[in-house]
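The values are calculated or read from the model by the stated rules, or taken from the named source; none is laboratory data. Computed from a prediction, not measured in an experiment: that's the story for all the values here. In this analysis, Cβ positions are derived from the backbone assuming ideal geometry, glycine residues included, and neighbour counts consider all displayed protein chains.
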Amino acid sequence: MKGNYYKAPKPNAVHSDVTHRAFPGPCTAETVRCGSAYEFNTKTNSCCRSHIIKIVSVFAELAEQEGIPWIIDYGTLLGYMVNRGIYWNDKDADLSVLATHRDATLGLRERLEQHGFYVTYAMPRDEQWVGGDRMKIRLSRINHTNCDIFFWEQRGDGILFRNNYISVDKYKGREFPAAWFSPTKLDLWEGVPVRIPARADLLVAHRYSRDWNRLEEVNPGKRRLDIKIPDGAWKRFER
Ligand SMILES: [Zn+2]
């Protein structure tokens, strides 16, 4: 793996956290992101939405040029399945890439930076729940509206897994069969051609439970389920 990727800064490295969370918006690449980007029960502002779409569309174009195997995942996949776009309160984009193409993906950094984006990569870490092995594309050094890219390793039994997760992943399905990833297909999300996993239906249920299409009913105002409601699939691929 290439070693020239700087680590993600602390949240207050660029500006004070207080300023950051109070900014009313609308945000631009020259301002901090909207304060409401930290409120998960608030509808995402249109400025923040447009930044998310911009980052994904630039990444998609570069990934397609390089033949990188990628899919939209997590909240971005949920939004695609529900309304073919950003889920109403989602504040970032989540993409998954096969780890065979980690270096090719990290190699996009310079071209991403030509768009003014701020790109970081956190190295894999020994502890499982601390985050790591994650690339982050932020709108700018000032505005941290972001797209996260997760890398998926494949085990001998055909199961994909991440080296590191973060604590919210305890409430989402994690490992899954490689056959749910490939072959991917192109479809429109927010009007942008993106890669959809082969079994988007199974993957979204794996991530967000069989109730993925009625999360508001199950848990009003929240996207993430606070309790584990495992589908059969969820359990089957637990480590
Ligand atoms: Zn905004």
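One line per residue, one yes/no per condition, for (1) basic (Lys, Arg); (2) farther than 23 Å from Phe181 by Cα; (3) within 16 Å of the ligand (Cβ to nearest atom):
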{"site": "Leu106", "(1), (2), (3)": "no, no, no"}
{"site": "Arg111", "(1), (2), (3)": "yes, yes, no"}
{"site": "Met123", "(1), (2), (3)": "no, yes, no"}
{"site": "Asp126", "(1), (2), (3)": "no, yes, no"}
{"site": "Gly132", "(1), (2), (3)": "no, no, no"}
{"site": "Arg138", "(1), (2), (3)": "yes, yes, yes"}
{"site": "Ile142", "(1), (2), (3)": "no, yes, yes"}
{"site": "Asp157", "(1), (2), (3)": "no, no, no"}
**Request:** Give the residue, chosen from Gly173, Gly158, that is free of Cβ contacts under 8 Å to residues at least 24 places away in the same chain and over 22 Å from Leu108 (Cβ atoms).
**Result:** Gly158
**Prompt:** Looking at this structure, is Ile71 within 16 Å of the ligand (Cβ to nearest atom) and either touching a residue at least 40 places away in the same chain (Cβ under 8 Å) or closer than 21 Å to Val168 by Cβ (or both)?
**Reply:** no
**Item:** Selection status of Ile137, of a type in the set (A, V, I, L, M, F, W, C) and surrounded by 20 or more Cβ atoms within 10 Å (Cβ to Cβ)
**Value:** yes
**Request:** Among the residues of segment 161-204, write down those that are assigned to a strand (DSSP E or B), at pLDDT 95 or above and in contact with a strand residue (DSSP E or B) (Cβ under 8 Å, 6 or more places away or on another chain).
**Result:** Lys185, Leu186, Asp187, Leu188, Trp189, Pro193, Val194, Arg195, Ile196
**Message:** Given the criteria within 16 Å of the ligand (Cβ to nearest atom), among the polar types (S, T, N, Q) and within 23 Å of Ala63 (Cβ to Cβ), does Asn163 qualify?
**Reply:** no
**Item:** When residues of segment 25-67 are limited to those that are among the β-branched types (Val, Ile, Thr), within 30 Å of His101 (Cβ to Cβ) and crowded, with 21+ Cβ neighbours inside 10 Å, the one farthest from the ligand (Cβ to nearest atom)
**Value:** Val56
**Asked** In segment 124-134, is there at least one residue being crowded, with 16+ Cβ neighbours inside 10 Å, in contact (Cβ under 8 Å) with a residue 12 or more places away in the chain and in a strand (DSSP E or B)?
**Response** yes
